[in-house]
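Input: a single structure, listed below in structure tokens.
The values are calculated or read from the model by the stated rules, or taken from the named source; none is laboratory data. Since the model is a prediction, treat every value here as computed from it, not as a measurement. Please note: Cβ atoms are built from the backbone with ideal geometry, for glycine as well, and neighbour counts cover all protein chains shown. SASA here: full protein model, heavy atoms, side chains in, ligands and nucleic acids out. Shrake-Rupley method; radii C 1.70, N 1.55, O 1.52, S 1.80 Å.
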Amino acid sequence: MSAAKKSDWDVSDIDTWGPERHQLGATIPVAGNSEEVETGGWRSQVPVISPEKCTGCLLCYFYCPDASIIIEDGKAAGIDFEHCKGCGICARECPAKAIAMKAEEKE
Amino acid sequence: MSAKTTILTLPREELVYPGNRACAGCGLSIAYRIGLKALGPDTILVVPPSCLTVLQGLFPVASTKLPCLNVTFASTAAAATGLLGALKMRGRQHTKVVGWAGDGGTADIGIQALSGAAEREEDFLFMCYDNEGYMNTGVQRSGTTPQGAVTTNTPFKGKQQKKKDVPAIMAAHGIDYVATASAAYPLDLYDKIRKALSLSGTKYIHIHTPCPPGWGFEPRYSIKVGRLAVETGYFDLYEIEQGMLRLTGASEKLVEKRELVPVGDYLRSQSRFRLLSDEQIAEIQAQVDTKWSGYYRAAGQAAAE
């Protein structure tokens, strides 16, 4: 998943919108703009990958509810920290124990 | 049926984007993400109020890369019927219409529209993700909440009534394809969706979906709890075609092995079953054993023929 990019639909001033600016049926004209929303702040624990243990089974990528495992060359290469909610399913399901959950350090 | 899909042959294109408001460890997120890969981009989704509307996006955010129509609670199947008619008028019959509702939008509030559409044999796929309660409004009991589960409106004794068997109700309509699946077995779900899309008429898939906050377990155990439900024989994966029930995937393997995990392991993994006594669990175990001795007998007869 690439880094968040701004969509064409500007909603930064949506609090000031009157009825004339809202479309009928509360239509959202863009699809997938949730990417701009960060859910990484929900984490209390953060997954840490040990690349040398990864066998490339892709189970972490497969079970991740938020598609936040970055796969490169058939192996888990990193985590999309803007969106990872820290559920820990990847660490629980990894058969090679290549992912560990560590306490999140907040600045 | 075509060869089974594996993780390596799964389409890489993501149709549901992160940044959505589903809870951490949500079973629905997993089923939805893999399910949309099976549906493909040429699909219109019809969704009633449910956790899925929260996942799809609270205005002005949308997480799904497909056209989604959010309709009133009772009207999922009716709106899907209307969409089919509109697409037919415009000559766009290749576009698939899929209703995806929660257990409330299927078993309780949405059942008359769904039953009507199934009787009319409308050509769409209806999927119910069954997290066994009204979860996004604060864990209230639904028709598919299992017996004994504590919810916010059955707080002292747990739910006293039995779980409504929605796949059996749908199969009683005589539709061509009814299947059950689990969010813990997404590839099984993927193959069932692909199969359903190849058939005409109304198709129904019922997805058992673990819910960490509603069922009371740690988010990292979503897959484990979903898997336990199947391994204990508490929830079965099957397909009903032409009235014939056939166990599939992990449940089919259980018939060969004849080794069910004790149902207590599943019930004790969640705090919603904390009020169940050991005697009540033994009763549930007896119900599960009776159900499975029927499966074993049917498998024995099929082998003898």
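Amide H neighbours of A:Gln45 under 5 Å, counting only residues 5+ apart in sequence or on other chains, H built in-plane at 1.01 Å?
A:Glu104
Once Rh for segment B:1-49 is found with the Kirkwood sum over Cα pairs, what is the Stokes-Einstein diffusion coefficient at 10 °C and 1.306 mPa s, in µm²/s?
Roughly 126 µm²/s, to the nearest whole number.
Mean separation of Cα pairs under 8 Å and 6+ residues apart, divided by the residue count of chain A: what relative contact order is that in percent?
Working: 143 pairs, mean separation 33.0, N = 107.
Normalised by residue count, the contact order of chain A is 31 percent.
Residues with amide H under 5 Å of B:Gly25's amide H, sequence separation 5 or more or different chain, H placed in the peptide plane at 1.01 Å from N; which?
Here A:Cys87 satisfy the definition.
Rounded to a whole number, what % of the accessible area of chain A do carbon and sulfur atoms account for, probe 1.4 Å?
Reported share for carbon and sulfur atoms: 52 percent.
When chain B is modelled as a GNM with alpha-carbon springs shorter than 10 Å, which of B:Ala107, B:Ala181, B:Ala172 fluctuates the most?
Highest fluctuation of the listed residues: B:Ala172.
Picking from A:Leu24, B:Leu199, B:Gly243, whose Cα lies most toward the positive end of the charge dipole for the protein assembly as shown (charges on Cβ: Lys, Arg +1; Asp, Glu -1)?
B:Gly243
What percent does the relative contact order of segment B:104-181 come to when contacts are Cα pairs within less than 8 Å and at least six residues apart? Please list the in-between numbers first.
Working: 89 pairs, mean separation 18.6, N = 78.
It comes to 24 percent, rounded to a whole number.
Residue by residue through A:34-44, how many Cβ atoms from other chains fall within 10 Å of the Cβ on average?
That average works out to 4.
In a shell of Cβ-Cβ distance under 11 Å around B:Asp191, excluding B:Asp191 itself, what net charge do Lys and Arg (+1) and Asp and Glu (-1) give? Let's see the in-between values first.
Values: positive: B:Lys4, B:Lys192, B:Arg194, B:Lys195; negative: B:Asp188, B:Glu239.
Net charge around B:Asp191: +2.
I want to verify a result. In a Gaussian network model of chain B, Cα cutoff 10 Å, which of these has the top mean-square fluctuation: B:Met244, B:Met170, B:Met127?
Result for chain B, Cα springs under 10 Å: B:Met244 fluctuates most.
Which order do the peptides B:54-65, A:73-84 take when ranked by the mean count of other beta-carbon atoms within 10 Å per residue, highest first?
Answer by packing, highest mean first, reads B:54-65, A:73-84.
Test of the criteria: in segment B:206-286, which GluC sites (Glu not before Pro) are in a DSSP loop and have at most 12 other Cβ atoms within 10 angstrom of their Cβ?
B:Glu259
Can you tell me the order of B:111-117, B:185-191 when each peptide is scored by its average per-residue count of other Cβ atoms within 10 angstrom, highest first?
Going by the mean number of other Cβ atoms within 10 Å, highest first, we get B:185-191, B:111-117.
Hey, got the average number of other protein chain Cβ atoms within 10 angstrom for residues in B:186-199? Write down the numbers at each step before the final one.
Numbers: counts 2, 1, 0, 0, 0, 0, 0, 0, 0, 0, 0, 0, 0, 0.
Counting other chains' Cβ atoms within 10 Å and averaging over B:186-199 gives 0.
Using a 1.4 angstrom probe, figure out how much accessible area chain B has per residue, in square angstrom, rounded to the nearest whole.
Per residue, chain B has 41 Å² of solvent-accessible surface.
First compute the accessible area of segment B:75-125 with a 1.4 Å probe, then give the percent of it belonging to carbon and sulfur atoms.
Summing carbon and sulfur atoms, their accessible area is 52 percent of the total for segment B:75-125.
Which semi-axis lengths, in whole Å and largest first, follow from the square roots of five times the eigenvalues of the Cα gyration tensor of the protein assembly as shown?
Semi-axes (√(5λ), whole Å): 32, 28, 22.
Based on the alpha-carbon gyration tensor of segment B:55-182 and its eigenvalue square roots a ≥ b ≥ c, which shape applies: rounded if a/c is under 1.5, prolate if not and a/b is larger than b/c, or oblate?
Oblate shape, in that a/c is at least 1.5 and b/c is the bigger or equal ratio.
Could you tell me the center-to-center distance, by alpha carbons, between segment B:75-125 and segment B:1-69 in angstrom?
One Cα centre to the other: 18 Å.
Across every pair of different alpha-carbon atoms, what Kirkwood hydrodynamic radius in Å does segment B:27-304 reach?
19.1
Using alpha-carbon pairs under 8 Å, 6+ residues apart, how would you state the relative contact order of chain B in percent?
Here the relative contact order equals 16 percent.
Considering only C-alpha atoms, what is the centroid distance from segment B:202-275 to segment A:66-91, in Å?
26
For the interface of B with A, what's the total buried accessible surface in square angstrom, probe 1.4 angstrom, rounded to the nearest hundred?
3100
Enter the mean number of other protein chain beta carbons within 10 Å of the beta carbon of each residue in A:57-69, as an integer.
6
So in the protein assembly as shown, what percent of DSSP beta bridges are antiparallel if you round to the nearest 5?
45
Spelling out what I want: for every residue of segment A:82-91, take phi, set θ = phi - 60°, compute 6.51 cos²θ - 1.76 cosθ + 1.60 (Karplus), and round to whole Hz; glycine and proline get x.
Taking θ as phi minus 60°, the curve returns 5, 10, 4, 8, x, 5, x, 4, 4, 5 Hz for segment A:82-91.
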